[in-house]
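Here's the structure we're looking at; comments come further down.
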């Protein structure tokens, strides 16, 4: 079964739709290190035949007062690291995606995780687009000038909000620019507003089923179906507390349960990977993830084979769905 899984991965497009590359690379390069992509990721990516990564530019809460500066620094450090690593390439359009595959390079697509860096300045979407950003998460799990976020727990808070008037203008501008819109981390009210004020296909880059793990950070059935009906894609998240509240299910089995659930609710054309792996790359000593690293995509593929998925379905799940979505969106 291992050989079969390896062959499927080798013959497929493999995509992880969410990895905090911006922060990981920045944190290492300010210490004087270089070629971080080679050092931390290249071996794992090649072992699992990873072709594309959506790289999140994420500003942590203590640095929100300088969110624009931090986002710009992460982008510049990430782009510099890509230039130093010959196996990687920055991808900004569908042509460059196809070229990356032909040249056997690992394509990096940059996205903002939360719109804090633009503040209340919609013109900055143009600036970030020119810098290579091709999508954004509307919020992280906090409030910004665009919308309210969903939380991992239930903190004390005031009246919940959806998209602000500014947020509605941002949705319009995003569709004009061709930026993909990612609703992972947004709250339920904001989710409805995004679908009300947009017409394009929407993704949830790193979210799971709320039915299997009842936290607002996950998607309810109605939301999953709405994403599918727009021809969007949901990337399953490997972060333990998002996979399950039961420690016995915080593993590949639990992750595949979410895949099963979403496929059965919609189809095998609306699901992908958005692992949000943290443990190995932040070196905190704590195990956050249901997968140790990207090499475990092989074990996940074996589990899908054991569950009776066809090779075609598995290829859809491991990357074809996000690849088709991105090819269309980044024209």
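Yes/no per residue for (1) out of contact with any strand residue (DSSP E or B) (no Cβ under 7 Å at 6 or more places or on another chain); (2) free of Cβ contacts under 8 Å to residues at least 40 places away in the same chain; (3) in a helix (DSSP H, G or I):
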{"residue": "227", "(1), (2), (3)": "no, no, yes"}
{"residue": "235", "(1), (2), (3)": "no, no, no"}
{"residue": "248", "(1), (2), (3)": "yes, yes, yes"}
{"residue": "260", "(1), (2), (3)": "yes, no, yes"}
Total residues in the range 175-189, condition in a strand (DSSP E or B) and closer than 9 Å to residue 162 by Cα: 1
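Residue-wise test of (1) in a helix (DSSP H, G or I); (2) touching a residue at least 40 places away in the same chain (Cβ under 8 Å); (3) more than 19 Å from residue 178 (Cβ to Cβ).
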residue	(1), (2), (3)
70	yes, yes, yes
74	yes, yes, yes
77	yes, yes, yes
80	yes, yes, yes
83	yes, no, yes
86	no, no, yes
Breaking point among (1) surrounded by 24 or more Cβ atoms within 10 Å (Cβ to Cβ); (2) touching a strand residue (DSSP E or B) at 6+ places or on another chain (Cβ under 7 Å); (3) assigned to a helix (DSSP H, G or I), for residue 41: (2)
Return the residue satisfying two criteria in turn: it lies in the range 190-211 and is without any contact (Cβ under 8 Å) to a residue 40 or more places away in the chain and assigned to a helix (DSSP H, G or I), and of such residues it is nearest to residue 148 (Cα to Cα). 191
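For (1) outside any strand (DSSP E or B); (2) out of contact with any strand residue (DSSP E or B) (no Cβ under 6 Å at 6 or more places or on another chain); (3) at positive phi; (4) without any contact (Cβ under 8 Å) to a residue 40 or more places away in the chain, each residue gets a yes or a no:
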| site | (1), (2), (3), (4) |
| --- | --- |
| 104 | yes, yes, yes, yes |
| 107 | no, no, no, no |
| 129 | yes, yes, no, no |
| 134 | no, no, no, no |
| 140 | yes, no, no, no |
Test result for residue 326, crowded, with 17+ Cβ neighbours inside 10 Å, farther than 20 Å from residue 45 by Cα and in contact (Cβ under 8 Å) with a residue 60 or more places away in the chain: no
If a residue has to be assigned to a helix (DSSP H, G or I), in contact (Cβ under 8 Å) with a residue 60 or more places away in the chain and closer than 20 Å to residue 279 by Cβ to count, how many in the range 1-26 make the cut? 3
What residue, of 297, 318, is under 15 Å from residue 263 (Cβ atoms), under 16 Å from the mean Cα position of the chain (by Cα) and either at pLDDT below 95 or part of a helix (DSSP H, G or I) (or both)? 318
For residue 280, indicate whether it is in contact with a helix residue (DSSP H, G or I) (Cβ under 9 Å, 6 or more places away or on another chain), part of a loop (DSSP other than H, G, I, E, B) and either modelled with pLDDT under 95 or at positive phi (or both). no
Condition check for residue 162: under 19 Å from the mean Cα position of the chain (by Cα), farther than 18 Å from residue 17 by Cα, surrounded by 15 or more Cβ atoms within 10 Å (Cβ to Cβ) and in contact (Cβ under 8 Å) with a residue 12 or more places away in the chain: no
Does the range 259-270 include one or more residues that are at pLDDT 95 or above, buried (at least 24 other Cβ atoms within 10 Å of the Cβ), out of contact with any helix residue (DSSP H, G or I) (no Cβ under 7 Å at 6 or more places or on another chain) and within 15 Å of residue 205 (Cβ to Cβ)? no
Quick check, is residue 121 more than 19 Å from the chain's Cα centre (by Cα), farther than 30 Å from residue 39 by Cβ and not in a loop (DSSP other than H, G, I, E, B)? no
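The values are calculated or read from the model by the stated rules, or taken from the named source; none is laboratory data. Computed from a prediction, not measured in an experiment: that's the story for all the values here. All Cβ positions, even for glycine, are placed from backbone atoms using ideal geometry, and neighbour counts span all protein chains on display.
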